[in-house]
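Novice: My structure is below; once you've seen it, I'll send some questions.
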Amino acid sequence: MKINGQVQKILSHYESDNPGTKANLARILMHGKLGGTGKLLILPVDQGMEHGPARSFAPNPPAYDPHYHWQLAIEAGLSAFAAPLGFIEAVAADYAGEIPLILKCNSHDVLYDEKDPMGAMTASVEDALRLGCVAVGYTIYPGTVDRRLLYEQLQSLTLDAKEAGLAVVVWSYPRGSGLSKPGESGVDVTAYAAQIAAQMGAHVIKVKLSTEHIEQAEAKKVYEKYNIPISTLADRVRHVVQSAFNGRRIVIFSGGAKSDTETVLNEARAIRDGGGFGSIIGRKSFQRPRPEALELLGTMMKIYRGEMQ
Amino acid sequence: MKINGQVQKILSHYESDNPGTKANLARILMHGKLGGTGKLLILPVDQGMEHGPARSFAPNPPAYDPHYHWQLAIEAGLSAFAAPLGFIEAVAADYAGEIPLILKCNSHDVLYDEKDPMGAMTASVEDALRLGCVAVGYTIYPGTVDRRLLYEQLQSLTLDAKEAGLAVVVWSYPRGSGLSKPGESGVDVTAYAAQIAAQMGAHVIKVKLSTEHIEQAEAKKVYEKYNIPISTLADRVRHVVQSAFNGRRIVIFSGGAKSDTETVLNEARAIRDGGGFGSIIGRKSFQRPRPEALELLGTMMKIYRGEMQ
Amino acid sequence: MKINGQVQKILSHYESDNPGTKANLARILMHGKLGGTGKLLILPVDQGMEHGPARSFAPNPPAYDPHYHWQLAIEAGLSAFAAPLGFIEAVAADYAGEIPLILKCNSHDVLYDEKDPMGAMTASVEDALRLGCVAVGYTIYPGTVDRRLLYEQLQSLTLDAKEAGLAVVVWSYPRGSGLSKPGESGVDVTAYAAQIAAQMGAHVIKVKLSTEHIEQAEAKKVYEKYNIPISTLADRVRHVVQSAFNGRRIVIFSGGAKSDTETVLNEARAIRDGGGFGSIIGRKSFQRPRPEALELLGTMMKIYRGEMQ
Amino acid sequence: MKINGQVQKILSHYESDNPGTKANLARILMHGKLGGTGKLLILPVDQGMEHGPARSFAPNPPAYDPHYHWQLAIEAGLSAFAAPLGFIEAVAADYAGEIPLILKCNSHDVLYDEKDPMGAMTASVEDALRLGCVAVGYTIYPGTVDRRLLYEQLQSLTLDAKEAGLAVVVWSYPRGSGLSKPGESGVDVTAYAAQIAAQMGAHVIKVKLSTEHIEQAEAKKVYEKYNIPISTLADRVRHVVQSAFNGRRIVIFSGGAKSDTETVLNEARAIRDGGGFGSIIGRKSFQRPRPEALELLGTMMKIYRGEMQ
Amino acid sequence: MKINGQVQKILSHYESDNPGTKANLARILMHGKLGGTGKLLILPVDQGMEHGPARSFAPNPPAYDPHYHWQLAIEAGLSAFAAPLGFIEAVAADYAGEIPLILKCNSHDVLYDEKDPMGAMTASVEDALRLGCVAVGYTIYPGTVDRRLLYEQLQSLTLDAKEAGLAVVVWSYPRGSGLSKPGESGVDVTAYAAQIAAQMGAHVIKVKLSTEHIEQAEAKKVYEKYNIPISTLADRVRHVVQSAFNGRRIVIFSGGAKSDTETVLNEARAIRDGGGFGSIIGRKSFQRPRPEALELLGTMMKIYRGEMQ
């Protein structure tokens, strides 16, 4: 694996990390059809835990089987596969080394649906190591009452991961009592969520695509005074990437609520044009029939590679 | 102990586990009259703690004695015996090696009866090892307010158990403020509970048999849209097994409220026909006189072996 | 110290324990005037902490001095002496080896009197070892809201104690929001409390003598249906002993509210006749003048030895 | 340092402690002008943290400087100097070995003034060791809702201290929701507070001088029934000392609200006459001009030495 | 690096610290244009986390990039740079050794804005060591309900830091339910906050400049009775420095709400004239265009060096 210039430049932003972590980041950046482009496309499958199995997999029943997802990710040539402990254990040995694995270390379910979700630690760095993963993942919910507990759990996980030479991927999802419903995807809140993850030491940050809504009054004054461009999706991607150390951290995006193909592709275009590092795409891929999913993912990667508008 | 093909296939689903854990799973799967069939029948006796001694043992007073249960399990040829620390300690040395033991590591009592039960850690992996157990057991209550604490305790227990080469059996019992009373045994909730346990790394998952009730509105839409078959008990068993990684995890069932013999046997038939891996049956066996219990258990195992309809 | 048959039989119920723990149990069972009988009479002095010094010791002022109790226990020929850290430290070195010591590791005071008492950990297994104790003691309050925290503290203490070759004595005192005032000493609740302690791995269980009151509706049905004898004190002792693994665990009793000599002796007779393993008697002994206390304790031991009706 | 008989007798009450702890107790008992008398006079300066700097030090501004206190304690010939981490660090190296140091390991401030104070752990046994202290100090607030957390923190501190050969000084200050305002200094409550500290393993117990008020109804019955003398301050000192293992634990006193010289001296006389072990005196000494403080402290020590009435 | 007399005198106040910590304090005191003067000017950049990225960096967009701040601090010749984990990691390797680094180990964000802020531990001493930092930083909020948890986290961090030879910088910011809004910057509260940090073992204490407001009634009596001078800003600086062990601890100040240049410079003059040790200045520097920031910082340092009035 010869690291090319684009990837070397990204890795140079992580100079304080040890060679183990940098090598694992490189494994993601050099894998699959986007390998070497500095872009990423990751398949995350935690929806069985987060929303329940039928809601996640009934639209495409083969997806009940963890092997389905792994095979999809490999065949599509994606950058990495992310899932909770059970799914990773179900395939790690069978497909050892075929695709970089990200172990999601906390999870949340909706059998009790609280205003301020917390999630629970459900896996550890030890699990990631024994299962051959390149990174651990963790979800924080900025805006919740007890986010402090999440941040401290992430702090501990991050410390362990970096000592073990793993990378850290943070899902930063604003939620909870501190925010209105539109505020959860407001551009100011999303940029703030990216900054929080970056300041906590994340190597890769996953946020949702944001809207033009500005949630916080103090922030609104600043956006207006300095006339920060946020009217297009690409503008907002650019602002969020800037908010994560001016592009020195990898920021990837998951889509909005709509999921027809053209919307997904337009989102990919906006991510690319705004300087985003790629997408993480779950239900929109595995809930389609396999051939359609492969085509969609393939097209997205062409957009990221610049092979099509 | 020569592992046959059926058991080898099941063990192949646990490829990421170490040889110690796989050997302990094999010990359960190869033991007793169902040894080698891929089916299980387990005797759990935690009711003294969970409901009180008189309610549990007065119907059949010899059952106050922990030796009674062990002997019943051995004589019946069951797959394993599961109990809290005290019961296991009371018999482990006397009957060392005669039947696989599962140490239930958390317990709950009803001297204070809360809407959102938590249980308490009452034993550990160290205890399981010193007592010669093949597995640890733990009960989670999805749907409760503080389930996060339970999940994190299970996470820690699971990590320790897997490092020690033990198997992990999770009782996944939906309860609490997040659910209506019928919702606790709704098919969507039961399938979700199986998924949660599977994602958390359980090797064996114990759920209750479910009803046709669908609890969550979002789930209901999916069950209707995709016309998921749930009208018969066997249908629901099949759906729950599918929800645990499409059959890649061992799912066993405890019965509903009725306990006449014919109901129990019909439930066993439904479990078998739906692709379930067997039963865990406590009060329905040890509250009967010993000969009746032996006959019932024997008949169930014939059903699971396919020796009778 | 030659272990006789009666004691050997009792020790055989603890076959899963290591030789260190069994030796320490034997030390209690072989000590004093009841040594070798399989019966126990223990002096506990934690009332200074639990109720305050004046309420405990003013009736017999020499009892303010920890040496008083130790000397009383030795002179009377009791089986063991139990107390919190301070009292044990005050005498352990001066009387090293003269009587088995039980270190009470949690304590509660009534300067704030809560409905759901918790107690606090006030000593540890390390203390018990450095002070030459044979056992640790711990009080649980089944029926309280947060009993889970107590059970988990006991679990940890028990694990440490058994690894260190110590015995575990559990005071199981139903209290709190889950119970009515009469319910705290109801026979169903007391039997349940004994079962809980037994399931948690206690070697010796201390409960209060119970009344005919039945607290829980579900239990009441069972007591009536199966016509469980509970009308005499001896009946209730028998039922509680049965509820602790059918006599496989040592259960000892503290008295009811009355404390005239005849009542105490009648209680001892009931404990003996019901198959109880003895008494733990604090205020009723040390609040009397020393000669009266010695006589009372002597008489109780005669009853337990079967030397008088 | 030749230990004389009076001190040897006191040390004999701590026979269960290791030689390190006994040597450190001896260092306090043999130091300064009261060395060898079995009496103590300690200077505590935690008021900057507990009440704020201006309230503590503005009456005598040189007292803002930690060196001031140390020098005062040395020049006056006191037994020991007690303070939080910052003050101890500020002088420990400069005056190493000149006076025994007690590191106060928890602290409370009144910038938020709660009904049930908790305090926070602000130093540790490791700090005490690296700073050359002879003892650690800790304040408990019996009567508060969450005193359990304090007791458990003290338990852990005490265990560490005794293993490290340090002595343990407990400030036992009744406070909180469980008590009326007069109850905080009631004689029953004060005696109970001394007992609690003693039972938790304290070597030296600091309580406030108490009033004739009796707080708890159950206690009141006993004080009246047994006619316990509590009408003079000396009576109450005697009762409190008796309540701490009949004089087997060192109990020292801080004064009431009044602070004119004669009151302070009369209190010292009462402490002496009641068998108390001495005083701990902070604001009453350091808030006076230095010469007055030296005179007051000198006079108190004469009283304790019996050189003046 | 030859330590001059002024710095040696300051270091002599930290005699109880190990040579590692003293060397790290010396590194800060000897660095940059104020090196050797005993004064400090520190650039802290935690506002991205504390207030959000746009509010912090939009006024001067190059400041989104962590490299901007580092370069600013180096070019200006400041004493040290302080930031959360992410910012430190982003530059530590590239600029290793060029300026002393302070790792802020806890952080707070305002996506949920609580009355009693807590913050979260977001970095550790291990991080500080691997990143080559000279000190750790931590923010406490005296006046908040649960400040106890903050103090205990700081206690643990401080212990680790001192063992590792690092210095400890404490941001002591009164907030929360215990205080009125004006009280947060009242002179009594600010002095108290400085005392708390000092007593907890901080080497460097950062407080805000205070107002004449006196918050606490008990304190007000003392300020009036002893006529403590607080009418000028320099008076209040002097009082706060006195409240931190009479000048034996380094106290630095951040400015008030106004931020025009003249105000900032006048504040620097007051800090100097009141005996303060310098400033910590974030938004007021990095939100200006770079040339203006360099000029402002340069002028401040001239004031501290006494080169201009």
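The values are calculated or read from the model by the stated rules, or taken from the named source; none is laboratory data. What you see is a predicted model, and the numbers here were worked out from it, not measured in a lab. We place every Cβ from the backbone using ideal geometry, glycine too, and count neighbours over all the protein chains shown. All accessible areas refer to the heavy atoms of the entire protein, side chains included, with ligands and DNA or RNA removed. Shrake-Rupley method; radii C 1.70, N 1.55, O 1.52, S 1.80 Å.
Novice: As an exercise, find the ratio Rg/Rh for segment E:260-309 from alpha-carbon atoms, using the Kirkwood inverse-distance average for Rh.
Specialist: With Rg and the Kirkwood Rh in hand, the quotient comes to 0.95.
Novice: State, to one decimal in nm, how far the label point of E:GLU295 lies from the label point of C:ASP94, with both points 7 Å from Cα in the Cβ direction.
Specialist: 8.3 nm
Novice: Expressed as a rounded percentage, what relative contact order does chain A have, with Cα pairs under 8 Å and six or more residues apart?
Specialist: 17 percent
Novice: Can you give the Kirkwood hydrodynamic radius for segment B:198-252, in Å, rounded to one decimal and based on Cα pairs?
Specialist: By the Kirkwood definition, the hydrodynamic radius is 12.1 Å.
Novice: Counting only protein heavy atoms and a 1.4 Å probe, tell me what percentage of segment A:226-307's accessible area is made up of carbon and sulfur.
Specialist: That fraction is 47 percent.
Novice: Over 24 Å between Cα atoms: which of E:LYS39/E:LYS221; C:LYS208/C:LYS284; A:LYS104/B:LYS9; A:LYS284/B:LYS206 fall into that group?
Specialist: E:LYS39/E:LYS221; A:LYS104/B:LYS9; A:LYS284/B:LYS206
Novice: Still on this structure: For segment B:84-113, state which residues have at least 10 Å² less accessible area in the presence of all protein chains than in their chain by itself, taking the probe as 1.4 Å and leaving out ligands, DNA and RNA.
Specialist: B:PRO84, B:LEU85, B:GLY86, B:PHE87, B:GLU89, B:ALA90, B:ALA93, B:ASP94, B:ASP109, B:VAL110, B:LEU111, B:TYR112
Novice: Turning to a different aspect of this structure: Which chain D residue puts its Cβ closest to the axis that rotates D onto A, and at what distance in whole Å?
Specialist: D:LEU149, 10
Novice: On to the next question. Helix by helix through chain B, keep the DSSP H runs that span 30 Å or more along the axis on Cα and average at least -1.0 on Kyte-Doolittle, and give those back in order.
Specialist: Helices meeting the criterion: none.
Novice: Indicate the residues belonging to segment E:140-156 that lose 50 Å² or more of solvent-accessible heavy-atom surface (probe 1.4 Å) upon moving from the chain alone to the assembly of all protein chains, ignoring ligands and nucleic acids.
Specialist: So the qualifying set is E:ARG147, E:ARG148, E:GLU152, E:GLN155.
Novice: With a 1.4 Å probe and all protein chains left in place, how much of the accessible area of segment C:1-147 comes from carbon and sulfur atoms, in whole percent?
Specialist: 50 percent
Novice: What shape does segment A:185-309 have by the C-alpha gyration tensor, where a ≥ b ≥ c are the square roots of the eigenvalues, rounded means a/c under 1.5, and otherwise prolate means a/b greater than b/c and oblate the rest?
Specialist: Taking the square roots of the gyration eigenvalues as a ≥ b ≥ c, segment A:185-309 is prolate.
Novice: If you don't mind, another one. How many partner chain Cβ atoms sit within 10 Å of a residue's Cβ in peptide C:165-172, on average, as a whole number?
Specialist: Mean number of neighbouring Cβ atoms from other chains: 0.
Novice: Give me the summed buried accessible area for the B-C pair, 1.4 Å probe, to the nearest 100 Å².
Specialist: Approximately 3500 Å² gets buried when B meets C.
Novice: Given the options B:SER279, B:SER56, B:SER12, state which has the largest fluctuation in a GNM of chain B using a 10 Å cut-off (strictly under) for Cα springs.
Specialist: Result for chain B, Cα springs under 10 Å: B:SER12 fluctuates most.
Novice: Run lengths n ≥ 4 of DSSP H only: what is the helix-derived mean residue ellipticity at 222 nm for chain A, with -39500 (n - 2.57) per run over all residues, to the nearest 500?
Specialist: It lands at -13000 deg cm²/dmol.
Novice: Among rounded, prolate and oblate, which fits the protein assembly as shown when a ≥ b ≥ c are the square roots of the eigenvalues of its C-alpha gyration tensor, a/c under 1.5 means rounded, and a/b larger than b/c means prolate?
Specialist: Since a/c reaches 1.5 but b/c is at least a/b, the shape of the protein assembly as shown is classed as oblate.
Novice: Would any residue of segment B:121-165 have its amide N under 13 Å from a label point 7 Å out along Cα→Cβ of A:GLU152? List them or say none.
Specialist: The answer is none, because no backbone nitrogen lies closer than 13 Å to the label point.
Novice: So, one more: Between C:SER254, C:SER156, C:SER107, where does the largest GNM mean-square fluctuation fall for chain C, given springs only between Cα atoms within less than 10 Å?
Specialist: Maximum among the listed residues: C:SER156.
Novice: So which aspartates and glutamates pass the test for C:LYS115, namely a Cα distance under 13 Å, with those fewer than 8 places away in the same chain ruled out?
Specialist: Result set, ordered by chain and number: C:ASP146, C:GLU184.
Novice: How do B:108-121, D:125-138, D:73-86, B:220-233 rank on mean C-beta neighbours within 10 Å, highest first?
Specialist: D:73-86, D:125-138, B:108-121, B:220-233
Novice: Continuing with the same structure: Tell me whether chain D comes out rounded, prolate or oblate; compute the Cα gyration tensor, take square roots of the eigenvalues as a ≥ b ≥ c, and use a/c under 1.5 as the rounded threshold.
Specialist: In terms of gyration-tensor shape, rounded.
Novice: Next up: Across peptide D:182-195, how many C-beta atoms of other chains are within 10 Å of each residue C-beta, on average?
Specialist: Rounded to a whole number, the mean comes out at 3.
Novice: Efficiency by 1/(1 + (r/R0)^6): what FRET value for E:GLU114 and A:LYS225, r their Cβ-Cβ distance, R0 = 41 Å, to the nearest 0.05?
Specialist: For R0 = 41 Å, the calculated efficiency reads 0.95.
Novice: Regarding segment E:6-68, what whole-number volume in Å³ per residue does the convex hull of its Cα atoms give?
Specialist: So the per-residue hull volume is 121 Å³.
Novice: Please report the equivalent ellipsoid semi-axes of segment B:109-225, computed as sqrt(5 x eigenvalue) of the Cα gyration tensor, largest first, in whole Å.
Specialist: Semi-axis lengths for segment B:109-225 are 28, 16, 11 Å.
Novice: Using protein chains only (no ligands, no nucleic acids) and a 1.4 Å probe, work out which residues of segment D:13-38 have their accessible area cut by at least 30 Å² relative to the chain alone.
Specialist: In segment D:13-38, residues shielded by partner chains: D:GLU15, D:SER16.
Novice: Next up: For the protein assembly as shown, with every protein chain kept in place, what is the accessible area per residue (1.4 Å probe, Å²)?
Specialist: Result: 31 Å² per residue.
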